[in-house]
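The values are calculated or read from the model by the stated rules, or taken from the named source; none is laboratory data. Predicted model only: the values in this text are computed from it and were never measured. Positions of Cβ are generated from backbone atoms using ideal geometry, with glycine treated the same way; all protein chains shown enter the neighbour counts.
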Amino acid sequence: MTCAVLASVGLGIAPATAAPVAPEDRVVAPEPSTVVKHDYALNYSMLEMAMEPHVVDEDVVSKILGATPGPVHRRVDGVWFSSPTAPAEADRLAAQGRALVGPGTPILVGDGDSRNVCTVTAAGRDAGDRLIALTAGHCGGVGAPVRSMDAKEAGVIGSVQRVDATFDYAVLVLHGNAVPTSTYGDTRVASVGDLPKAGEIACKQGIATGRTCGPTWVQGAPGSAADPHVSTQICAAPGDSGAPVFVGDRLVAMVMGADSAPACLTPLQGPVFAPTIVTSVRAQIDDMNLHGGPGGGFRLA
């Protein structure tokens, strides 16, 4: 890793600390990632563009930049990929005022000027039988409300209840109007596995750039707390923070961001973008289990 922060984590210099838990009446401002120099949360005030129904561009320039002959679904400003749309099951539940939440669900975390677009890594339950979802820790501070971009009708579906800076994850405690799932659209995670090995191809599903795959450049110790980060050439952009990284149906990591520019903003870039840093989900779950509370004993839906 080239980032000084990543190097210090890999050497065990940055000790794990207990993840803060949100008090009932207080929202804590989100902190920038300490894992990467450029996190891929996207501060967003354009609520109507982000939520379903969203902007659809059919002009020639949008189609060229999106490398598609069809309409370009614009849900993340500044990114020229055609964003994934809500799966049919999510639409069905949204009509009932409920939100399907699983790997790849696009979310808005926070309110007003502190609202960020991110992506859910996975959803399930914890040892306390709470409904839980995971995303990147820099997406929002403890107490921040969470909404699904695919279920505007559902309103607030939960809140951030734990944030850990060392492993950069956030635990979202979901409300009863959220339906956790291991399958969201064509993305399914059946188990949690080790970080991919150097040279191994992994894929991710995020709201900004959709499904993209690429090789792993640097291998960390498999899922260990000593080195939970790995560098990949998986295309990602702001909005993809928290996106699940998987090999087959095995969940191995979540997207954090990059240590330099440029991000992957259009398919026309090909492989010409800064390597994407991802963090081991297994190491994050181990940390949640160590501290207990919301998220402790997490298991996939």
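Checking the conditions here, which among ILE234, ILE157 is among the β-branched types (Val, Ile, Thr), in contact (Cβ under 8 Å) with a residue 24 or more places away in the chain and either part of a loop (DSSP other than H, G, I, E, B) or touching a helix residue (DSSP H, G or I) at 6+ places or on another chain (Cβ under 6 Å) (or both)? Even if it seems obvious, please write down each step before you answer.
Details: ILE157 fails: either part of a loop (DSSP other than H, G, I, E, B) or touching a helix residue (DSSP H, G or I) at 6+ places or on another chain (Cβ under 6 Å) (or both).
None of the other options fit; the residue is ILE234.
Quick check on segment 29-37. Is at least one of its residues at pLDDT below 60, outside the structural domain of GLY242 (by the TED database) and within 25 Å of ARG115 (Cβ to Cβ)?
Within segment 29-37, one or more residues are at pLDDT below 60, outside the structural domain of GLY242 (by the TED database) and within 25 Å of ARG115 (Cβ to Cβ).
Being modelled with pLDDT of 95 or more and surrounded by fewer than 24 Cβ atoms within 10 Å (Cβ to Cβ) is the filter; apply it to segment 109-140 and report the residue that is nearest to the chain's Cα centre (by Cα).
Ranking the candidates gives GLY124 first.
Might you let me know whether segment 277-286 holds any residue that is over 17 Å from the mean Cα position of the chain (by Cα) and without any contact (Cβ under 8 Å) to a residue 24 or more places away in the chain?
The answer is no, given that none of the residues of segment 277-286 is over 17 Å from the mean Cα position of the chain (by Cα) and without any contact (Cβ under 8 Å) to a residue 24 or more places away in the chain.
Given the conditions (1) closer than 17 Å to GLY158 by Cα; (2) not acidic (Asp, Glu); (3) not in a strand (DSSP E or B), which single one is not true for PRO84?
(1)
In segment 243-262, what residues are within 30 Å of PRO69 (Cβ to Cβ), at pLDDT 95 or above and of a type in the set (A, V, I, L, M, F, W, C)?
Of everything in segment 243-262, those that are within 30 Å of PRO69 (Cβ to Cβ), at pLDDT 95 or above and of a type in the set (A, V, I, L, M, F, W, C) turn out to be ALA243, VAL245, PHE246, VAL255.
Restricted to segment 247-261, and to residues that are assigned to a loop (DSSP other than H, G, I, E, B) and not hydrophobic (A, V, I, L, M, F, W, C), which residue is nearest to ASP227 (Cα to Cα)?
If we filter segment 247-261 for residues that are assigned to a loop (DSSP other than H, G, I, E, B), which is where we start, we get 248-249, 259-261.
Keeping just the survivors that are not hydrophobic (A, V, I, L, M, F, W, C) gives 248-249, 259-260.
Numbers: GLY248: 23, ASP249: 23, ASP259: 16, SER260: 20 Å.
Only one residue fits best here, namely ASP259.
When you scan segment 114-145, how many residues do you find that are in a strand (DSSP E or B) and within 17 Å of ARG75 (Cβ to Cβ)? If you could, list the steps in order and put the result at the bottom.
First, pick out the residues of segment 114-145 that are in a strand (DSSP E or B): 116-119, 122-125, 131-136, 145.
Imposing the further condition that a residue be within 17 Å of ARG75 (Cβ to Cβ) reduces the set to 116-119, 135.
So the answer is 5.
Exactly one of (1) surrounded by fewer than 19 Cβ atoms within 10 Å (Cβ to Cβ); (2) under 14 Å from the mean Cα position of the chain (by Cα) is unmet by ASP249. Its number?
Among (1) surrounded by fewer than 19 Cβ atoms within 10 Å (Cβ to Cβ); (2) under 14 Å from the mean Cα position of the chain (by Cα), ASP249 violates only (2).
Matching residues to (1) closer than 25 Å to ASP129 by Cβ; (2) of a type in the set (S, T, N, Q); (3) assigned to a strand (DSSP E or B); (4) in the same structural domain as HIS138 (by the TED database):
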| position | (1), (2), (3), (4) |
| --- | --- |
| VAL179 | yes, no, yes, yes |
| ALA198 | no, no, no, no |
| PRO215 | no, no, yes, no |
| ALA263 | no, no, no, no |
